Amino acid sequence: MSLLAVKKQMIRILLFLFISCAAVAQSPLTGMDSVATADVPPRAPGIATAIVQKADVVYERYAGYANLADSILISRSSRFNIASNGKQFTALATLLLESQKKISLQDDIRKYFPELFKNIKDRITIESLINHSSGIRDVYDLLALQGKTWWKFTLTNADLLPLLKKQNELNFTPGSQYLYSNSNYILLALLIEKVSGESFVQFTSNMFAKLGMYNTSFEDDYTKIKQPVALPYFNFSTWSNYEWIWNGTGDGNLFSTLPDLIRWEKIVHGWVRPDFNRALIQKSLQLTSNPSIKNYGFGLEFKSYKGISIQYHEGATGAWKAVLIRIPEKELSFITLTNSGKVIPSWQTYQMVDKFLNLSEDGWPVRPAAAASPVSEEDVLGIYAGEGAFYFHFLKNSQGEFVLRRKGRNDVKLERESANVFRQVYDTAFKQEFLKNRKGEMTVTAYYTSHAPYTLTRAQQTSNITPEKIHGRFMNTETGAIVILQNFSNEGGQVVINGQKSTGIFIAPGKLVVDDWQLTFDVDKPITELLLNGNRLRRVRFKRSP
């Protein structure tokens, strides 16, 4: 070979290496490990996460420990409780029954359980259970009203049914709106058992076998959960495991491995063809027939993320958490499973989406657009409320500092950033913008990097509260829960729910926030009843009692 030919060959090799290095440097996977494992410190529980694109697993990562006591690392065989992510499979099992002509999605659930909701005249269809438009109250919130922390008990679906049978009212008219309720999927699991003649676990296990997901199963006996399981851990001062003793299924309690869920995503995108009806799988990926419910289908949520249409679901059961983000138009899926109370997989997984697709870091404003009229600290003091039991309380503390107080958190010290904007002293990305709305009410809009801005309105204080008007004992006959109101003033007072004392704060006349609940009543009349609202409860009636 001539000297000139050698030089040309060397140039070609160097050019190839340069292009290859540039391609690696620009790969969307470069640095993905630092995103995926950001909350997995040494000698700690961790995650299993993957990116699936068409038929390929383009990224797969396991980090942390499945069992700290025995020094067992998380691996491909580690099974996680994926919690509410199991709802998509309960919905698929329901569709399987429909395909066998054993049910119709337009059947009233009381065709199979006539003892339920005898006072309700409206139809409660199976479809309304699937898309959370049934109005049926969440059984876990009902247990909380009774003073019970559900996961500290060993209860089955059959044990939960009597509590639902005692409900005389619904959250709203069935089919009229969406409100997530785990009771819907517990009832679907009971329905599948009743109609199929098999246990829910056996029926769905046969389904998973046809899908080739051999390490995936609902578990209705905590003493017999198939191993190896990535044990759940919290960290308050040190990592601590807790015993899982729950036996309810359908709404969650589905254990699976990352490889099985990767296989499911390949099935969904059509790159793996299992021994299962493809049309049913396709139907399970759509919205239901109710045109007014556009954000929830067959165990899946739907939304736009940074201009991209996604299907997604999140699940959380204690330290076990799971996230699925699916982008159908790109045949792309992101999955994260964790056994760590430290990991927030939704944040981490969306960051993986951003990095892989090179999306902008922020999909929403993280600061006010422009300054407005100046306000003083004294101008904005007070309680600001939104929906439910969420509120901000801006006040001066005993040291005279301007602070933000929120339920369940330490006070946040604030400092002025501009004329009408304040920010947290130790996390300046958290900003509060104060403006008056068209009604002349003071509002606050909160900005932060991890969520879209939201606005709260300053509450009107209740006036002329007299103890004899509000004080008393109130009872809900559906749960046996008792509420006692005492020591009240115009700002609020002491609320005792099933023996647990809390402080109630008025956020509007006749609207009282206490812990995760909101109590409402007519302040212009003698108070004979309270209506309680919660995260997944509406208008639970408490009558005054001796």
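The values are calculated or read from the model by the stated rules, or taken from the named source; none is laboratory data. Because the structure is a prediction, the values reported are computed rather than measured. So basically every Cβ, Gly included, is an ideal-geometry build from the backbone, and we count neighbours across all protein chains shown.
Test T445 against the criterion of being exposed (fewer than 15 other Cβ atoms within 10 Å of the Cβ) and touching a residue at least 40 places away in the same chain (Cβ under 8 Å), and give yes or no.
No, not satisfied.
Out of curiosity, is V353 of a type outside the set (S, T, N, Q) and under 30 Å from A44 (Cβ atoms)? Give the derivation first.
Details: of a type outside the set (S, T, N, Q): yes; under 30 Å from A44 (Cβ atoms): yes.
Judged against the criteria, V353 is a match.
Identify the residue in segment 266-311 that is basic (K, R) and at negative phi and, among all such residues, is farthest from the chain's Cα centre (by Cα). Don't jump to the end; show me each part of the working.
Initially, segment 266-311 is screened for residues basic (K, R), giving 266, 273, 278, 283, 294, 303, 306.
Checking which are at negative phi leaves us with 266, 273, 278, 283, 294, 303.
Numbers: K266: 25, R273: 31, R278: 29, K283: 24, K294: 17, K303: 14 Å.
Step by step, filter segment 266-311, then rank; the result is R273.
I want to confirm something. Restricting to segment 171-209 and keeping residues that are of a type in the set (S, T, Y) and over 26 Å from the mean Cα position of the chain (by Cα), which single residue is surrounded by the fewest Cβ atoms within 10 Å (Cβ to Cβ)?
Across segment 171-209, the extreme among qualifying residues is S199.
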* **Cross-chain or 6+ apart pairs with Cβ under 7 Å, segment 272-300 first and under 16 Å from N85 (Cα atoms), then of a type in the set (S, T, Y) and loosely packed, with under 12 Cβ neighbours inside 10 Å** => none
* Asked: Would it be correct to say that F117 is modelled with pLDDT of 95 or more, on the phi < 0 side of the Ramachandran plot and in a loop (DSSP other than H, G, I, E, B)?
  -> no
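Determine whether segment 235-247 contains at least one residue that is of a type in the set (V, I, T), at pLDDT 95 or above and buried (at least 16 other Cβ atoms within 10 Å of the Cβ). Walk me through it before giving the result.
The first filter runs over segment 235-247 and keeps only residues of a type in the set (V, I, T), leaving 238, 245.
Okay, now just the ones that are also at pLDDT 95 or above, so 245.
Subsequent filtering for residues that are buried (at least 16 other Cβ atoms within 10 Å of the Cβ) retains none.
No - not one qualifying residue is present in segment 235-247.
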* Asked: Within segment 417-440, restricting attention to residues that are in a loop (DSSP other than H, G, I, E, B), of a type in the set (G, A, S) and without any contact (Cβ under 8 Å) to a residue 60 or more places away in the chain, which residue is surrounded by the most Cβ atoms within 10 Å (Cβ to Cβ)?
  -> A419
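Name the residues in segment 402-416 that are at pLDDT 95 or above and either surrounded by 13 or more Cβ atoms within 10 Å (Cβ to Cβ) or in a loop (DSSP other than H, G, I, E, B) (or both), would you?
Taking segment 402-416 first, the residues at pLDDT 95 or above are 402-404, 413-416.
Hits for segment 402-416 are F402, V403, L404, K413, L414, R416.
Looking at D159, D141, which one is outside any loop (DSSP other than H, G, I, E, B), closer than 29 Å to S289 by Cβ and either under 22 Å from the mean Cα position of the chain (by Cα) or acidic (D, E) (or both)?
Working: D159 fails: closer than 29 Å to S289 by Cβ.
Within the list D159, D141, the selection yields D141.
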* Could you please find all residues in segment 25-67 being in contact with a Phe, Trp or Tyr (Cβ under 8 Å, 6 or more places away or on another chain), assigned to a loop (DSSP other than H, G, I, E, B) and either buried (at least 20 other Cβ atoms within 10 Å of the Cβ) or among the charged types (D, E, K, R) (or both)? => R43, G46, K54
